[in-house]
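None of the figures in this text is laboratory data; all of them are computed from the coordinates on show. Fair warning: this is a prediction, and the values are worked out from it, not measured in the lab. For neighbour counting, all protein chains shown are included, and Cβ atoms are generated from backbone atoms with ideal geometry for every residue, glycine included.
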Amino acid sequence: MAKLHTTTTINIISPLIIAIFFVVPSFSSFIDNNGGLSLHSSNQREFDYFVLALQWPGTYCRRTQKCCKINGCCRSSGPPQHFTIHGLWADYNDGSWPSCCSNDNFDMKEIATLRKALDEYWPTLSCGSTSTCHGHKGSFYAHEWEKHGTCSASVTGDEYNYFLTTLNIYFKYNITEVLNEAGYLPSNSEKYPLGGIRTAIENAFHISPLIVCSSGAIQEIRLCFYKDFKPRDCVATSRTKMEVDSLKSSCPKYVSLPAYVSSGALQNGKTFSQMLPDVQDQ
């Protein structure tokens, strides 16, 4: 079995300026592309808590059909061998969540000094563009900032600090390291008890995670935090139920943590591998 590569905190931590304000609840609701209830307006009410969504590349990359320069699954050195960031999301306690909270468009230049860390720990694991706000298409980073980051700006601040804050929370709550030390290693033959994985995380961080699976393999682990980034238990929401339904499978009692090696067999820029439902565009 291959050993998970653990991460170490990089020296990019800066103080967070927490300026929480409240706005008058004035918003419209709609069913977003994922089938969940999203609240969309520049005057949305203040969110309740954060979700840090972490994805397992070994599961996600098995869907790879096309390779391109930006796809982390197709790196010559192989895909990441640690959990990578999907996003830091502002959520409501009632199961809905805000999105597209301002007209602040993403600017890649704003995060130029973070790109090395982002490419390693928050990579794009697909080709093509994703939906951003206001009917536009853009990069994975543009999607996460415009749809989610703008809604947490009362705590995380501007675009640069949103990505910086997310990286620092990711390093502090190192899921890869916890599972590594507990003996849960990438394998295409082993099955691990779901309860054991959950317990390892609970013992390490005193936090109850949400785990999302696809075809019996762990696809995402989500950690929840109060707005001051103190850990809190996650609870099942309409977002989680919708994703489980779309994947046509909840996590079984024994799950896999698959290893993935890019085949490198390219024909006209395409690889041939197993297709799985896409949940990165969230």
Calculate the FRET efficiency for Q65 and S102 from the Cβ-Cβ distance with a Förster distance of 51 Å, rounded to the nearest 0.05. 0.90
Take the alpha carbon gyration tensor of the stretch 104-167, find the square roots of its eigenvalues, order them as a ≥ b ≥ c, and report rounded if a/c is under 1.5; if not, report prolate when a/b exceeds b/c, else oblate. oblate
Assign unit charges at the C-beta atoms only (+1 for Lys and Arg, -1 for Asp and Glu), then state the dipole size of the stretch 63-214 relative to its Cα centre in Debye, rounded to the nearest 20. 600
Of all C-alpha pairs within the stretch 66-113, those more than 18 angstrom apart amount in percent to 61
Highest mean first, how do 49-62, 161-174, 218-231 rank when packing is the count of other Cβ atoms within 10 Å averaged over residues? 49-62, 161-174, 218-231
Among beta bridges that DSSP assigns inside the stretch 36-167, antiparallel share in %, nearest 5: 75
List the pairs from K66/K137; K172/K227; K69/K227; K172/K253; K69/K230; K116/K137 whose alpha-carbon separation is above 25 Å, in the order I gave them. K69/K227; K172/K253; K69/K230
